[in-house]
1. Please specify each residue of segment B:152-166 satisfying the condition of being part of a loop (DSSP other than H, G, I, E, B) and small (Gly, Ala, Ser).
2. From the list C:180, C:173, which residue is closer than 30 Å to residue C:128 by Cβ, basic (Lys, Arg) and away from chain D (no Cβ under 12 Å)?
3. With respect to residue D:169, is the statement that it is of a type in the set (Gly, Ala, Ser) and within 15 Å of the chain's Cα centre (by Cα) true?
4. Return the residues of segment B:272-295 that are of a type in the set (Asp, Glu) and buried (at least 18 other Cβ atoms within 10 Å of the Cβ); say none if nothing qualifies.
5. Collect the residues in segment D:32-48 that are surrounded by fewer than 20 Cβ atoms within 10 Å (Cβ to Cβ), small (Gly, Ala, Ser) and over 18 Å from residue D:253 (Cβ atoms), keeping them in residue-number order.
6. Do any helices (runs of 4 or more DSSP H) lying entirely in segment A:167-259 carry at least 2 residues that are surrounded by 24 or more Cβ atoms within 10 Å (Cβ to Cβ) and free of Cβ contacts under 8 Å to residues at least 24 places away in the same chain, and which ones are they?
7. In this structure, is residue C:278 within 24 Å of residue C:14 (Cα to Cα) and touching a Pro at 6+ places or on another chain (Cβ under 7 Å)?
8. Looking only at segment D:83-106, count every residue that is crowded, with 24+ Cβ neighbours inside 10 Å, without any contact (Cβ under 8 Å) to a residue 60 or more places away in the chain and either small (Gly, Ala, Ser) or out of contact with any His (no Cβ under 9 Å at 6 or more places or on another chain) (or both) and tell me the total.
4 protein chains.
Amino acid sequence: MHNRSRRDFSSDNITGVAPQILAAIAAASDGTVHSYGADPHSDALRHRANALFERPVTILPVATGTAANAIALSVLARPYQGIYCPASAHVNTDECAAPEFFSGGAKLLGLPSADGKLVPGQLSEAVAFARSMGVHHVEPAAVTLSQATEWGTIYTLAELRALCGEAHALGLRVHMDGARFANAIARLGCTAAEATWKIGVDALSFGATKNGALAAEAIVVFDAALAGELEYRRKRSGHLWSKHRFLSAQLSAYLEGDLWLAHGRQSNAMADRLLAGLAGVPGSQCLQSVDANEIFIRLPEAVIARLRAAGFEFYDWPPPAGSDGPVVRLVTSFDMVEADVDAFVAVARQTAG
Amino acid sequence: MHNRSRRDFSSDNITGVAPQILAAIAAASDGTVHSYGADPHSDALRHRANALFERPVTILPVATGTAANAIALSVLARPYQGIYCPASAHVNTDECAAPEFFSGGAKLLGLPSADGKLVPGQLSEAVAFARSMGVHHVEPAAVTLSQATEWGTIYTLAELRALCGEAHALGLRVHMDGARFANAIARLGCTAAEATWKIGVDALSFGATKNGALAAEAIVVFDAALAGELEYRRKRSGHLWSKHRFLSAQLSAYLEGDLWLAHGRQSNAMADRLLAGLAGVPGSQCLQSVDANEIFIRLPEAVIARLRAAGFEFYDWPPPAGSDGPVVRLVTSFDMVEADVDAFVAVARQTAG
Amino acid sequence: MHNRSRRDFSSDNITGVAPQILAAIAAASDGTVHSYGADPHSDALRHRANALFERPVTILPVATGTAANAIALSVLARPYQGIYCPASAHVNTDECAAPEFFSGGAKLLGLPSADGKLVPGQLSEAVAFARSMGVHHVEPAAVTLSQATEWGTIYTLAELRALCGEAHALGLRVHMDGARFANAIARLGCTAAEATWKIGVDALSFGATKNGALAAEAIVVFDAALAGELEYRRKRSGHLWSKHRFLSAQLSAYLEGDLWLAHGRQSNAMADRLLAGLAGVPGSQCLQSVDANEIFIRLPEAVIARLRAAGFEFYDWPPPAGSDGPVVRLVTSFDMVEADVDAFVAVARQTAG
Amino acid sequence: MHNRSRRDFSSDNITGVAPQILAAIAAASDGTVHSYGADPHSDALRHRANALFERPVTILPVATGTAANAIALSVLARPYQGIYCPASAHVNTDECAAPEFFSGGAKLLGLPSADGKLVPGQLSEAVAFARSMGVHHVEPAAVTLSQATEWGTIYTLAELRALCGEAHALGLRVHMDGARFANAIARLGCTAAEATWKIGVDALSFGATKNGALAAEAIVVFDAALAGELEYRRKRSGHLWSKHRFLSAQLSAYLEGDLWLAHGRQSNAMADRLLAGLAGVPGSQCLQSVDANEIFIRLPEAVIARLRAAGFEFYDWPPPAGSDGPVVRLVTSFDMVEADVDAFVAVARQTAG
């Protein structure tokens, strides 16, 4: 897709569109079809989604992850209710209060987490406190978990099952922010069903944009009773496309032949390779388990400077409280190849020499 | 773009993507670029927009017309304020209360209009009443005008200038819903600047989707002080694409070589041809001036039945109060050719014979 | 309560507090009690409300009618839904878009009505249209009826039963704006139960402020499942008083010994007397049925001028479309006596002489 | 006001109404006056407020502190903006997301604080981070400070001046939650002006309910340009009373002869006396500086049990993280006398003996 070396490790949203998805868009453009989702491409997507999740599901494509998360959360929590999340969750830190907007003012309640994951007991403690406050505190309604997390970590199925069980016992519904769901499933080696509704996830933001689509994410819910409200909320927030076929066609191509999983595996593999390569750099220290396609790593300043001089791009990251030294975030993606990673590692090591 | 005759006259949003725009999307996909609009495609679009409007403007692409309208209106009216519009305006009847949602509960105040256009004096009377009510009535803040309107009519520049002048004298700001702006400009034979800021329009929803794009509309404002708020509101409503280049590339291709105007002219010409052809159908009666690409016409029931039997698609439309007989809406679009129209007319006339 | 003649006929909200209610406030102030409604005064009110409505009800006092209406409506309609009302309804014209605010942007859908009342069939037609539009139109959810209406008219029980039946058959819930509920019950001669839940009303704003309280209205709902949401919404909108006893004490005193009904009867009787007195004024023409305590009447300009010169206060009212001559609104209230009315009539008649 | 010993130390909102304020309400009830604030009582309050603050101010009475805070904040921050506060602030923890509701979804950004007060530098650091995130983070707009705080501490004027200066330099506006403003001013020994606009406070919630009123707080702003928006927002949230005189009369009586300050001094003196008395209880440890009328104190379990057995009421409080032993909150108020405090201390000491 590109004919120059891939030196940008700043994010996975800097990528273009996978050729299979571009081709699907072009193919879908032929002829007239009914608008707003009453078209054969959207029918096909619904069938694919049912197959993927091994049961009938409600799937609503939208163009952005922020929209998917915020619309999904808005049907899980009323305006006077609260949504728990790790304090570092993307919905809490990077979406400009979109969940507050879509929900009509529900409150995101950030819980402490060093690695982006909640642990058993956190929800119970928080809900007990909330309920002791009565109407003065928002009413607990939902929890949102990221899979993979903003720290590049991935919940095991056992961890998720425990959290979903705790949430349901507390009367909370569970949303999963799957902007990098493909990375998680590729790593876990399970099915999409096993990672979601079979262990208690009520609603999923199924990401595709970072992993090869042009602009496509899907809201997937497993309770058909939510479908009507979702449809109205999507329309009223301007996220129902008139030429809906072009959202559906992207997602169908993404699922076709498990392209999404192949991309997730490639992205993860490049992160593994990069991590292995950087392990040999003196002074490097990885801050989180590298489960998906993100590496948060402490590197010597000289190494960072040399990499940037060589044209590599990546973000500085705030170091954890009480720790020293510069930290950077490195993100791999579906369109990276071994040579891209190796070029980075080579400069990093050479610098250290 | 399609190899079968075009028998669907139900809307202009049933169309595919113009080949020039598809090609631009594919070209933009090559390589990595920064996300969220800091890319060369978006820079290029900003330059093109400045050229189109003959001055620096703020342009924010989004994927849908509902988003463009609702975001634009949300910066023109606070939640305790009111927005005037013809009662038949798309924002009032077809967007599931999106303006109310984005604005945080501002009130759309529908004024009567038989042809989708406001006339001088309506705003003055409505604002005088509102102000007599003090805080019990929402505070008048803005007016939104559709160009072309939902009834397929087009304001003359003189009409617009008078309305904008009246609005400004009343302290209202003016938004233009230009979902079919290309049809209007093609008909008026003026420039985009002459039809907007030069006569007092403060914000424009510049439509492209109905006229050849995949999913692209642009919010254009002429007061740079609004830019920051617009950026935040776009992000928080989930309408900022991470792969922003793909919105910009669509719009750039749409403007390139005045493709948008060529499409508008073709669409209008097909409506003119269709109108002329149907004039010969006994019992037909056109209900509105056909200024753009929509025809609202009373046709004999037998004609309607024959057309549908021949595979033509179009919507029944509620007849005006107090009138008889079935009314249909016929919409032409950029991708129709004379043979498509002639086929429709032939069946309509044959029926009548 | 006042030692000068009562010459202000502009509204019933210009009145002071009934002495029984003032005394109840003073009595309730003695000693400490738990805050936020966990006090004996609030318990007593709940018992009184159950007795009044002949069944267990949920009652939440608030300080204003706008709050009562808007909170009640916000539990009956989600933000993407619609609430039908006569276009002239107070919630639609006089509350600065409070229902839109509290509901998070639900749309008030005003239906035409010359006398402030809906008639059978209006809801069915409107809902059928809404449903034909799918997600592009807000989803029909509720209807709000004023009893008495803004035009001083009162629904008969048969009329209400028919409307509630139609609403329920359409899946709508019914709210009643009872800012002047006492006037209605006093006129209808039925019980509060017979005028509400027994004929299908789901939620009631039970007014007291205009009829003798300091600042007290009650939200009453007949479906206990709504209680929790109401409590949260009241708190979050700042309408839960910490010294809640002072709302409850007002309402208890208002109900005690049917003070509310006595006030309603007095207010109605003064309107009847005023109407009878004005019937003898040449050129006078009453525009609406005087069912409660409001008279909308056309009077000769000279009469109006003479009344104002004599110190009487009242509002000019916009005449109905297509009609001539000045119209005024005259409002009576619980604290008026025959001499107040007679003084007004005397000046009106003298003027005509 | 009460004839039994005052054994409830749970809050200052369990109190009745000061006799002077009750008398003012009764006096204001005489006769008819114009509604919605166009009355002589409201005029008088405006004059008193100007005198109190030594300059023209905008003052809008409402019935609750939640309403005062939320309405004030809603004019200082747009829905896509952020409001900084100590994480323990009442607006963040006890108002059921009212600020989020009134602002249309602005985000409260809680900053860590052990004693309820912010310190210099916290705002600068937080704003720098926010701005580095661009539109992905809400736009910094305001900060709200409680005076006195939820921990019963009080900012010195120097501390406030420094924080306001820092806030303004960052482009933030400053709101002060003065639910216990009287306690603060009584302790600081300065004027209301010196504690607010003279050192940079832009908007104040001036509390009266906890300190002797029935239900009255005032929104006070020092920028007249905000007045119009405030008026509309108050109406639309249902907080504009039709019988507005009864809010104004409460606040006028509260200011008359500096009743508010006398109450604040009494309340503070009772807290001082209580603190001194409890100092002699072995095992007691006060957790915060007792600047106002709240004491957070660790007491032996046996002491707590004995106090409750003797009929005293107070809340258990969560102990600070990592600390042992039960903590209680004791609140004094304007209507307490020395004998009330001494009775509490006697039981506490006796227990320890």
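The values are calculated or read from the model by the stated rules, or taken from the named source; none is laboratory data. Since we're looking at a predicted model, the values are computed, not measured. For neighbour counting, all protein chains shown are included, and Cβ atoms are generated from backbone atoms with ideal geometry for every residue, glycine included.
1. Of everything in segment B:152-166, just one residue is part of a loop (DSSP other than H, G, I, E, B) and small (Gly, Ala, Ser), namely B:152.
2. C:173
3. Against the criterion (of a type in the set (Gly, Ala, Ser) and within 15 Å of the chain's Cα centre (by Cα)), residue D:169 does not qualify.
4. B:291, B:294
5. Hit for segment D:32-48 is D:38, nothing else.
6. Numbers: elements: A:181-188, A:227-236, A:245-255.
Per the criteria, A:227-236.
7. Values: within 24 Å of residue C:14 (Cα to Cα): yes; touching a Pro at 6+ places or on another chain (Cβ under 7 Å): no.
Against the criterion (within 24 Å of residue C:14 (Cα to Cα) and touching a Pro at 6+ places or on another chain (Cβ under 7 Å)), residue C:278 does not qualify.
8. Qualifying residue count, segment D:83-106: 9.
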